[in-house]
Amino acid sequence: MAEEAGAFKKLCGETVPLFFTGIGRANAEKATRAFLATHTPQLLLTCGFAGGLVPELKIGDVVFEIPNEGGNDGYTAVRAGLVKGGAKPGKIVCVDRIATTAKEKQKLREATGAVAAEMESAAVQAICGERGIRCVTVRVISDTANDDLPLDFNKFLNEDKSVDMSKLMMAVAKAPWKMGALMQLQQNTKMAAHQLAEVLAGVVG
C-alpha cells in the first residue's frame, strides 16, 4: 500500500522500481505477474507491514525471511545489508485474514512457529520461484503480539480485498471512543514505514 512505501520513496526517489500488490494473495499474484511481464529483476523484495507474533518484536522492528536459505545461495549481500540495518531473520507466515487480536496471534504463533504474519508474500515468493528470481520477504512490525487492533479490519474488506471506506467510516462513527486507539495505530504505522525505509535504503542504495 502507499502508506507502506511512502517513506521509502522519499529516501530512494525513483531509483528503485516499485509496484503495489494490494491486500491478499490473489491481488499479490496478479500485481506481481503484471510487474514481471515488463521487468526482469535479479532480486525482488516483498515488503510492507506485518503483525508481530512473538512478544520480543516491537513496533518498528524489521524482520526478513529468505526462502530455502543456505550458505552459498546468492543472497549473501542482501542478507548482510538487512542484518547491518538491524533487521532480524525469522519465519514470516502468509495468512488469509488480518490477525486483529492477541489471541489470534498467539494461535498463529503456536500453529506455525512464525514470528510475524502478513497476507501477500507467499504469492510473490511462489511466482519468483517459478521464474528463478531471488526473492526476500522483508516486513516491519506495525502491531505487536500483545496488541488488539481497535477494530476488526477484516469486516471492511470487500471480496477483492479492497477496503470499503464507507463501512470503515461508519464503524468509526458508531464507536468514537476508539478514535484515540486508531490515531495511535496510525502513528505506529507511520513510524514503522520509516523504519522499514531506512533498512531497505541501506540494502538497495
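The values are calculated or read from the model by the stated rules, or taken from the named source; none is laboratory data. Being a predicted model, the structure only gives us computed values, none of them experimental. Note: ideal-geometry Cβ built from the backbone for every residue, glycine included; neighbour counts use all protein chains shown.
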Condition met for residue 18 (hydrophobic (A, V, I, L, M, F, W, C), modelled with pLDDT under 95 and surrounded by fewer than 14 Cβ atoms within 10 Å (Cβ to Cβ)): yes
Count - residues of segment 34-55 that are in contact with a strand residue (DSSP E or B) (Cβ under 9 Å, 6 or more places away or on another chain) and either assigned to a loop (DSSP other than H, G, I, E, B) or at pLDDT below 90 (or both): 4
Selection status of residue 158, surrounded by fewer than 19 Cβ atoms within 10 Å (Cβ to Cβ), on the phi < 0 side of the Ramachandran plot and of a type in the set (S, T, N, Q): yes
Where residue 16 falls short, out of the listed (1) farther than 18 Å from residue 190 by Cα; (2) in a strand (DSSP E or B); (3) among the aliphatic types (A, V, I, L, M): (2)
Failed criterion for residue 60 (all others in (1) at pLDDT 95 or above; (2) on the phi < 0 side of the Ramachandran plot hold): (2)
Subset of segment 15-66 (residues that are closer than 28 Å to residue 111 by Cα and either among the small types (Gly, Ala, Ser) or in contact with a Gly (Cβ under 7 Å, 6 or more places away or on another chain) (or both)): 22, 24, 26, 28, 48, 50, 51, 52, 60, 62, 63, 65
Answer residue from segment 42-58, given it is closer than 18 Å to residue 119 by Cα and among the hydrophobic types (A, V, I, L, M, F, W, C) and is surrounded by the fewest Cβ atoms within 10 Å (Cβ to Cβ) among those: 54
Scope segment 134-150; condition surrounded by 18 or more Cβ atoms within 10 Å (Cβ to Cβ) and out of contact with any Gly (no Cβ under 9 Å at 6 or more places or on another chain); matching residues: 136, 137
Lone unmet requirement of (1) modelled with pLDDT under 95; (2) surrounded by fewer than 18 Cβ atoms within 10 Å (Cβ to Cβ) for residue 75: (2)
Tally, over segment 152-205, of residues that are within 30 Å of residue 65 (Cβ to Cβ) and not in a helix (DSSP H, G or I): 9
